[in-house]
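Let me begin by presenting the structure, written as structure tokens, before commenting on it.
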Amino acid sequence: MSWWALICAELKAIWANKAIAITVFGGVFFYAILYPLPYLNNVATEQQIVVIDRDNSSLSRQVIRHANASPQIEVVAQLASINDGQEYLTHGKALGLVVIPQGFRRDLMLGKDVTLATLGDANYFLVYSAIAQGMVSVGLDTAKQMQFKALLAKGQDPGSAELSLNAIKLNSVPAFNPSLGYMSYVVPAVLLLVLQQTLLIGSGILGASQWRSSGYWNQVSVAKLVTARIITFAVLYLVFASFYFGWCHYYYQLPVTGELINVVMLLMAFVLASSAAGVALSSCFSRTDMPTQIVLLISMPVLFASGLIWPTMLIPEPIVWLSQLIPAIPAMMAMAKVNQMGADWSMVFNLWLQLWGLFLLFSALAYVGVKQRLS
């Protein structure tokens with residue numbers, strides 16, 4: 001059987017198997033739409049809260065107006081008691097609750113500490129952080145205004161009073177995530193992980209469905225079969241990777257700062273390493289349902305072990321070292337440096353070599369595993 005005929009047979013086997021076709025073709029396109037969908041707005045804004053105003057003073061009403069003017073929160077109701085506020089939270093009418101204590105204005109005028117109690121739904125960390133950040137800004141602004149009035153009451157002129165309150169001005173510039181959004185931060189890495197996981201599942205199902213039967217895979221040498229299967233999946237996933245890092249990045253306005261040649265070289269090494277890993281992994285399965293279960297089970301641990309979601313210094317060192325055998329780990333780190341942070345090629349060269357090393361390692365394991373299965 002010629003190389004071309006073998007690769008065509010591989011493509012036909014992939015397309016003819018419904019489980020593989022749905023995973024490889026459907027999974028890649030479904031994830032491109034479904035995963036970024038909740039984060040299209042990028043940052044959480046206008047989170048609905050209720051306020052319990054126990055002070056009912058001019059200052060408390062000013063705090064409520066400032067809170068409602070904040071881009072992070074929206075005051076939907078002013079209630080009489082905390083129990084009423086809890087009812088709003090329970091029925092989903094609001095996501096946060098703020099309590100302005102009695103004597104709020106009086107204590108501030110006397111220079112005493114005052115606490116604005118803020119309660120948010122911490123099940124959704126983006127929502128909770130938006131509510132907390134909004135109320136912190138409102139609290140700091142209110143305190144600054146009270147300090148400004150106190151300085152004026154002591155006879156200080158407005159200019160020097162303003163200068164004393166704003167002696168240091170902070171100019172915060174988000175260097176690698178200008179929108180401070182979740183999508184720009186994690187979606188590019190997740191897209192790489194989706195490519196790897198769907199490839200592993202598809203390759204695993206293909207191998208598991210063939211080892212116990214006869215077909216074209218028995219008519220060629222092991223080396224030729226392994227090479228053709230790696231090439232077939234690599235070509236398919238280079239197309240998918242082009243779709244992810246081309247159209248998807250453009251449509252979702254994800255950061256693209258790396259040079260095209262660097263991105264292509266990284267994707268080439270990543271896809272080949274993942275394809276070899278998929279063929280090697282397929283030799284471990286004899287049931288077609290197992291690849292999906294195993295690969296999906298390790299998806300979240302792989303994402304956390306990458307260091308993009310959770311700091312690697314807080315992950316046990318053996319897990320960090322073991323995770324370096326997964327092609328997506330160095331690929332995610334390298335792609336984040338090149339495509340999101342604009343790193344020079346020399347800064348990711350070692351990660352690129354690591355991907356080629358994984359390709360050679362998994363190619364050898366694939367040869368041994370497939371040879372064992374076919375024998």
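Restricting to Cα pairs below 8 Å that are 6+ residues apart, what does the relative contact order work out to for the stretch 5-136? Please round to a whole percent. For the stretch 5-136, the relative contact order is 25 percent.
Using per-residue counts of other Cβ atoms within 10 Å, averaged over each peptide, order 356-365, 201-210 from highest down.
Per-residue mean Cβ counts within 10 Å order the peptides as 201-210, 356-365.
Here the dipole of the chain is about 760 debye; that uses its Cα centre as origin and unit charges on the Cβ of Lys and Arg (positive) and Asp and Glu (negative). In summary, the lysines within cross-link reach of Lys112, defined as a Cα separation below 23 angstrom excluding same-chain residues under 8 places away, comprise Lys144, Lys149, Lys154. Dividing the mean sequence gap of close Cα pairs (under 8 Å, 6+ apart) by how many residues the chain holds gives a relative contact order of 19 percent.
By a 1.4 Å probe calculation restricted to protein chains, Tyr251 has an accessible surface near 140 Å², given to the nearest 10.
Suppose a student asked you for the relative contact order of the stretch 214-327, using Cα pairs under 8 Å spaced at least 6 residues apart; what percent would you report? Computed over the stretch 214-327, the figure is 24 percent. For the listed peptides 54-65, 328-339, a ranking on the average number of other beta carbons within 10 Å per residue, highest first, reads 328-339, 54-65. Note on Ser286 and Leu140: the extension gain reaches 46.3 nm, defined as 0.36 nm multiplied by sequence separation minus the Cα-Cα distance.
Checking [x] 24, 39, 25, 11, 1; [y] 29, 60, 11, 0; [z] 25, 55, 19, 1, 0 against P(r) over Cα pairs in 20 Å bins from 0, in percent calculated from these atoms, the matching label is [x]. Val226 contributes about 10 Å² of solvent-accessible surface, heavy atoms of the protein only, 1.4 Å probe. Ranked by solvent-accessible area (1.4 Å probe, protein heavy atoms only, all chains present), the residues Arg287, Arg105, Arg229 order from largest to smallest as Arg287, Arg105, Arg229. Of the whole protein surface, Asp113 contributes about 150 Å² of accessible area at a 1.4 Å probe radius.
R0 = 41 Å: FRET efficiency of Tyr35 with Lys149, Cβ-based, nearest 0.05?
0.25
Membrane-span-like helices in the chain, defined here as complete DSSP H runs extending at least 24 Å along the helix axis by their C-alpha atoms with mean Kyte-Doolittle hydropathy no lower than 0.0, are 125-153, 182-210, 222-242, 260-282, 349-374; this is a sequence and geometry rule, not a statement about a membrane. With Cα atoms defining each centre, the stretch 256-274 and the stretch 44-120 are spaced 50 Å apart in the structure. A Förster radius of 25 Å combined with the Cβ-Cβ distance from Val239 to Ala5 puts the calculated FRET efficiency at roughly 0.75.
The values are calculated or read from the model by the stated rules, or taken from the named source; none is laboratory data. Quantities reported herein were computed from a predicted structural model and do not represent experimental measurements. Note that each Cβ is placed from the backbone with ideal geometry, even for glycine, and that neighbours are counted across all protein chains shown. All accessible areas refer to the heavy atoms of the entire protein, side chains included, with ligands and DNA or RNA removed. Shrake-Rupley method; radii C 1.70, N 1.55, O 1.52, S 1.80 Å.
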